[in-house]
1. Which residues in region 1-25 have a backbone N closer than 19 Å to a point placed 7 Å from the Cα of ASN125 along the Cα-to-Cβ line?
2. Can you give the charge dipole size of region 141-234 about its Cα centre, rounded to the nearest 20 debye, using +1 on the beta carbon of Lys and Arg and -1 on the beta carbon of Asp and Glu?
3. Normalized C-alpha radius of gyration of region 175-238, against 2.2 N^0.38 Å?
4. If you take the Cα Rg of region 306-463 and divide it by 2.2 N^0.38 Å, with N the number of residues, what do you get?
5. Starting from the Cα of LYS280, draw a straight line to each of the aspartates and glutamates and keep only those under 13 Å, dropping any in the same chain fewer than 8 residues away.
6. Take the alpha-carbon centre of region 64-85, take the same for region 296-348, and report the distance between them in whole Å.
7. Take the Cβ-Cβ distance between GLU404 and ALA255 as r, set R0 to 30 Å, and report the resulting FRET efficiency rounded to the nearest 0.05.
8. Which of the listed residues, VAL170, ALA64, ALA106, is farthest toward the dipole's positive end in the chain, when Lys, Arg count +1 and Asp, Glu count -1 at the beta-carbon?
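Since every read-out is calculated from the coordinates, none of them should be taken as a lab result. Since the structure is predicted, the reported quantities are computational estimates derived from the model, not experimental observations. All Cβ positions, even for glycine, are placed from backbone atoms using ideal geometry, and neighbour counts span all protein chains on display.
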Amino acid sequence: MEITKICCIGAGYVGGPTMAVIAQKCPHIQVTVVDLNEERIAAWNDPNTDNIPIYEPGLSEIVATARGRNLFFSTAVDQAIDEAQIIFISVNTPTKTYGKGKGMAADLKYIELCARQIARVAKDNKIVVEKSTLPVRTAEAIKSILDHTGNGVQFQILSNPEFLAEGTAVTDLLQPDRILIGGDTTPEGKKAMEALVQVYSNWVPTDKILTTNVWSSELSKLTANAFLAQRISSVNAMSELCEKTGADINEVAKAIGMDSRIGPKFLKASVGFGGSCFQKDILNLVYIAKSYGLHEVADYWEQVIIMNDHQKRRFSNGIVQTLYNTVSDKKITFLGWAFKKDTNDTRESAAIFVADDLINEHAKIAVYDPKVSSKKILEDLNYLATRSPEHNQDSVTSYRDPYEACQDAHAIAILTEWDEFIHYDWQKIFDAMQKPAFIFDGRNVLDAAQLRAIGFVYQGIGS
Ligand code: UDX
Ligand code: UDX
């Protein structure tokens, strides 16, 4: 089957960049990205592509080339479903906040809504692709909804998990390590997989496109994220031991990373991992293991989350302790709020939890992040519901200028590893701060020796 029309439900951090790259690389395919959120679609259609809702290096340029040619953003969900041969589902699957599996299982409410909408609208055979990260065997549920509520047309469900990391989404999509496609082993299933392989082979070498059964594909995504997060929790666990013993985690990480069996990536000690995926996917894995009665397996993976929570708490406790056991009414400046550099995404960012702890201790938080709005920062804190929105508003001020943010501060905490922080005029910042001037580098990105020479009291992670 020659694919000429694709639709994607969900214009978020995954759907938006993925479809933009497919459109750029496959000019013969019409790609329509739909979303319920009108404001978000309007932003994707902003004539100035610098205003698209998601910041990713290189993305606005791709959107500028393909949009209006074969890339479209729309709220007309039914029409897009009706026209497409392949429908990607890329809606969010947050951790459940209610009922059975609360705080652990993935909330599949939006996925089910999408499946029902597809079933209602589809008048010819469709390939439905799960792009959202889902618990194993979700494809089965989607298939059941489609087959029982549809108009008698045939659906093939594929799992095609996304491995892009935010901040490098465009290069990850253009040069993926691998593309994973899971499908049924029936002849129809194989044909559907082949159709999707054809789409990707417009720019990805075929030896990097793996096909598997649906459950292997679904579980591979959860496993990949669990392994990556586990490396960070492992290195963070060692960072605490380093602080007690006089070893330096940066040196330890370098030494072990040179072992080719271990490798150098994902060994950076930090204030803790964030992002929309790691915690959610591991909790999901833990929930699945528990539901099969595999308690040792569940506990093993849960420890990765426990370690991460400990690392965030340890960072805020360290600030309070070092500032003579009180931060009441002290100005503490956060440089960075996003969960990592080169993104405006703040989901599960360590900054939120560290700020929450410090506000509990009556600190005044000043925030500077080059890409995150003051509105988003307050929303993130309000979402935790630790205290009233008014109280949060009184406790946090955000700035568009980093030097102003640091003026008269008692301490600076680095929460995101934005490159620009390295190039600041640190002498100027030191001169404008309260003394002693403290820096808590939650990302180990600043030059400790240089800062100490200026007069800062510098504390990194794990040394
Ligand atoms: C999402 C999932 O969170 C993640 O598990 C998966 O791997 C990829 O998809 P992301 O793209 O980052 O990640 O989510 P988000 O930026 O929240 O985008 C989802 C979009 O779907 C939102 O714009 C939302 O408005 C839209 N949506 C949600 C719909 O259009 N319809 C719905 O029924 C639900
Ligand atoms: C992750 C996976 O990498 C990606 O393959 C998957 O599809 C989605 O989840 P993402 O969450 O966008 O991507 O970012 P990632 O680069 O994995 O970083 C996650 C968190 O770990 C960030 O908060 C980052 O700062 C932190 N991190 C990463 C560390 O603390 N140390 C490291 O060495 C690496």
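1. What the label zone holds, given the 19 Å backbone N cut-off, is 1-7.
2. Details: 7 positive and 10 negative charges, 24 e Å.
Computed about the Cα centre, the dipole is about 120 debye.
3. Compared with the compact-globule rule of thumb, region 175-238 sits at 1.41.
4. Compactness ratio reported: 0.94.
5. List returned: ASP107, GLU302, GLU348.
6. 40 Å
7. Working: r = 41 Å, r/R0 = 1.35.
The calculated FRET efficiency here is 0.15.
8. ALA106
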